[in-house]
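The values are calculated or read from the model by the stated rules, or taken from the named source; none is laboratory data. Computed from a predicted structure; not experimentally measured. FYI the Cβ positions are ideal-geometry reconstructions off the backbone, even for glycines, and counts take in every protein chain you see. Heavy atoms of the whole protein, side chains included, go into the accessibility calculation; ligands, DNA and RNA do not. Shrake-Rupley method; radii C 1.70, N 1.55, O 1.52, S 1.80 Å.
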Amino acid sequence: MAPSSQKLLSENVPCTPSSAGRFDIGVILGDCGIEPTVERHNAAADAISWPLIDYSSCPPTDDQIAINRWLTHASLAGKRILHVGAGNSSLASLLADKVGAIVAVTVSVDELRHAQMLDLPGYTPLLMNKHGEAFANAFDARSFDYIVDNNLSSFACCQKHFERYFAAIAEALAEDGVILTHWLGMRWVLDVGVDDVEPAWLLDERKLRTIATAFGLRLDSDGDVFFMRHADRSSGS
Ligand SMILES: C[S@@+](CC[C@H](N)C(=O)[O-])C[C@H]1O[C@@H](n2cnc3c(N)ncnc32)[C@H](O)[C@@H]1O
């Protein structure tokens with residue numbers, strides 16, 4: 001008789017229950033046991049024919065466009081933006097000459113090269129896995145006014161590494177800063193058969209609020225755009 005998937009999990013993966021983490025949204029895999037690197041998601045991308053990780057020659061997704069549009073109405077002069085998931089650098093192309101600085105993170109070498117070739121003022125693209133140790137140590141506390149990630153949990157390998165990522169962006173967020181994400185990206189997870197993401201990572205408002213609260217953030221929304229701010233601040237832009 002084939003062993004159950006639960007048994008396989010416990011035999012092959014150092015799995016701690018997610019309830020031991022900072023929040024519980026029904027994720028099973030507490031710790032994937034593999035340090036997240038840039039190569040890890042590229043392996044998934046190699047297994048399929050449509051663009052997944054390399055969006056350097058794709059137009060921005062609808063959720064990225066909506067966030068970009070929201071930012072064009074925000075206070076921008078001198079502000080610092082962290083863009084997680086650079087894609088074709090649509091955000092930097094739109095805003096680089098209006099803000100203080102933009103740092104973008106990608107796991108795609110082609111997205112990195114594309115970003116570098118644009119040579120935009122104050123734009124620093126970085127090749128880095130957001131779930132990795134290097135990302136967690138990359139930025140000063142309170143150093144970004146806006147942090148943009150339209151795929152917050154779409155590529156989550158496990159609760160431990162997602163929590164490391166979320167702790168890092170909460171720490172890097174300025175006192176009156178805003179983390180922006182979008183409903184469309186909340187409702188999409190990587191499920192192409194290689195390194196699949198658990199369906200529990202599909203976010204809704206309740207789950208995102210549970211996560212935000214665990215990291216001292218308050219959740220608000222405007223249509224399909226979702227905002228997280230430090231909870232001890234009464235209001236923000
Ligand atoms: C679906 S594309 C979206 C690109 C862009 N944000 C947009 O919406 O047009 C996913 C992006 O996330 C990046 N990405 C995926 N997993 C990542 C990870 N673990 N760390 C950093 N970036 C990641 C990819 O390199 C790519 O830029």
Matching entry among 109, 103 (being more than 8 Å from the ligand (Cβ to nearest atom) and open to solvent by 20 Å² or more (accessible area, probe 1.4 Å)): 109
When residues of the range 130-160 are limited to those that are open to solvent by less than 30 Å² (accessible area, probe 1.4 Å) and over 25 Å from residue 62 (Cβ atoms), the one farthest from the ligand (Cβ to nearest atom): 143
Total residues in the range 54-87, condition outside any helix (DSSP H, G or I) and in contact (Cβ under 8 Å) with a residue 60 or more places away in the chain: 10
Filter result for residue 208 (more than 13 Å from the ligand (Cβ to nearest atom), modelled with pLDDT of 95 or more and crowded, with 17+ Cβ neighbours inside 10 Å): yes
